[in-house]
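The values are calculated or read from the model by the stated rules, or taken from the named source; none is laboratory data. No experiment lies behind these values; they were computed from the predicted model shown. No Cβ is skipped: glycine too gets one built from the backbone with ideal geometry, and neighbour counts run over all protein chains shown. With ligands, DNA and RNA removed, areas are computed over all heavy atoms of the protein, side chains included. Shrake-Rupley method; radii C 1.70, N 1.55, O 1.52, S 1.80 Å.
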Amino acid sequence: MLETHSGEISSVVINSGCANACTGAKGESDARDTIKKIEDLGLGKSLVMSTGVIGPFLDMDKIQNGISEASQKVDFLFFFYFYFFFFLLISHI
């Protein structure tokens, strides 16, 4: 996946506790819905990774809400780190 889309991936959604394995079409649909949520928020293309108990379905409400909450913090963190490193760069010139 990374070999064919290496320049396109801008985020990784990692879930632990539920592996989303052996869940059939619903599990695949849940993974695609997670990717769509990231794209709908304008955060680019994403990879989805899960680890944990095999068989149960993902708690999609929890995942969707978590993505929404995290996306609100991304802009602040980017702003902070960008200006922090910019300051470090210009302070050494």
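Please verify whether the range 11-28 includes one or more residues that are open to solvent by 40 Å² or more (accessible area, probe 1.4 Å) and in contact with a helix residue (DSSP H, G or I) (Cβ under 9 Å, 6 or more places away or on another chain). Among the residues of the range 11-28, not one is open to solvent by 40 Å² or more (accessible area, probe 1.4 Å) and in contact with a helix residue (DSSP H, G or I) (Cβ under 9 Å, 6 or more places away or on another chain), which makes the answer no.
Residue-wise test of (1) outside any helix (DSSP H, G or I); (2) modelled with pLDDT of 80 or more; (3) open to solvent by less than 80 Å² (accessible area, probe 1.4 Å); (4) over 26 Å from GLY7 (Cβ atoms).
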site	(1), (2), (3), (4)
LYS37	no, yes, yes, no
GLY42	yes, yes, yes, no
LEU47	yes, yes, yes, no
SER50	yes, yes, yes, no
PRO56	yes, yes, yes, yes
ILE67	no, yes, yes, no
PHE79	no, no, no, no
PHE82	no, no, no, no
LEU89	no, no, no, no
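Annotation note: Cβ proximity below 8 Å between a residue of the range 1-29 that is modelled with pLDDT under 85 and charged (D, E, K, R) and a residue that is in a strand (DSSP E or B) and surrounded by 10 or more Cβ atoms within 10 Å (Cβ to Cβ) (sequence gap 6+ or interchain) occurs for GLU8/LYS45.
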